[in-house]
1. Could you pull the accessible area for residue 201 with a 1.4 Å probe, rounded to 10 Å²?
2. Hey, what do the phi angles of region 81-91 turn into as Karplus ³J(HN,Hα) couplings, whole Hz, using 6.51/-1.76/1.60 and θ = phi - 60°, x for Gly and Pro?
3. If you build the convex hull over the alpha carbons only and average its shadow over all orientations, what do you get for region 41-146? Give it in nm² to one decimal.
4. Calculate the all-directions average of the projected area of the chain's alpha-carbon convex hull, and give it in nm².
5. Could you work out what % of the accessible surface of the chain is carbon and sulfur, using a 1.4 angstrom probe and leaving DNA, RNA and ligands out of the count?
6. What are the ³J(HN,Hα) couplings of region 20-31, residue after residue, when phi is run through the Karplus curve with 6.51, -1.76, 1.60 and θ = phi - 60°? Round to Hz, x for glycine and proline.
7. Based on the Kirkwood radius over alpha-carbon pairs, what is the Stokes-Einstein translational diffusion coefficient of region 94-180 at 20 °C with 1.002 mPa s viscosity, in µm²/s?
8. For region 1-124, what does the relative contact order come out to in percent, with C-alpha contacts under 8 Å and a separation of six or more?
Amino acid sequence: MFTVFTMSEQRDRILGCACDLYLEGGLDGFSMRRLAKEVGVTAPAIYRHYDGRDAVLADVLREAHRNFARYLYQALGAPTALERFLGAGEGYLSFVFDHPRWYGIIHTAHEHLGIDALPDDIQAMEASIHQFWNDRVRECMQDGILKNGDPEETSVTMWAHAYGMIQLYHEGHVPVTPDEFRTLFRASGLRLLSGVATEEFVPRIAELMCAQPQPLA
């Protein structure tokens, strides 16, 4: 028996199931027929949305980036450069916990998804997110919050720290609860920031990071 979904619900379910199938079994465990079974529709119903596996996985990547950007860009509403910077970090961490499968697919090389070349719109989203991070660092440097330097190099250092911490957690090397990991993540981030921030702003950064709201249960 197959389930009937609206067009919007069907697309969301297709993308969610496709993401899970890939993360669980890679390309070898992914087929349009198996995807249809997981979604609860017939194979022709999948083909009404997508030409094939490559198109499905490209749309999975597109949806993941769209959601990621939505979490990050909320920080732009903050009034100061420092609050935008720290808000972006909190948005990153919230995305990790709220959408772990989207996070996983974002950090999968497109070649591993069987996509020879990323569509232009996905490349544009990746470039926009990259620029977003650089802008957060650049404006903090301009306001004297972070030490002067190359914004892109500093941004990469911070991204490597965040990515490494999250990978250790996801791989079970940091056996703590999600709330405990948030505390650990902030403390580790503060140690890193203490090295790249100007001396006068370190106390203010620590104050704001400690005041970050905990996620709702």
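1. 50
2. 3J(HN,Hα) across region 81-91, in whole Hz: 4, 5, 5, 5, 4, 5, x, 5, x, 5, x.
3. Convex hull of Cα atoms, orientation-averaged projection: 8.0 nm².
4. Averaging across all directions leaves 13.8 nm² for the Cα convex hull.
5. The C+S portion of the solvent-accessible surface of the chain is 54 percent.
6. 4, 4, 5, 5, 7, x, x, 5, 5, x, 10, 8
7. Estimated diffusion coefficient is 141 µm²/s.
8. Working: 112 pairs, mean separation 32.3, N = 124.
Averaging sequence separation for qualifying contacts and normalising by length gives 26 percent for region 1-124.
The values are calculated or read from the model by the stated rules, or taken from the named source; none is laboratory data. Please read these numbers as outputs of a predicted model, since none were measured by experiment. The protein model used for the area step is the full one, side chains on, heavy atoms only, and it has no ligands, DNA or RNA in it. Shrake-Rupley method; radii C 1.70, N 1.55, O 1.52, S 1.80 Å.
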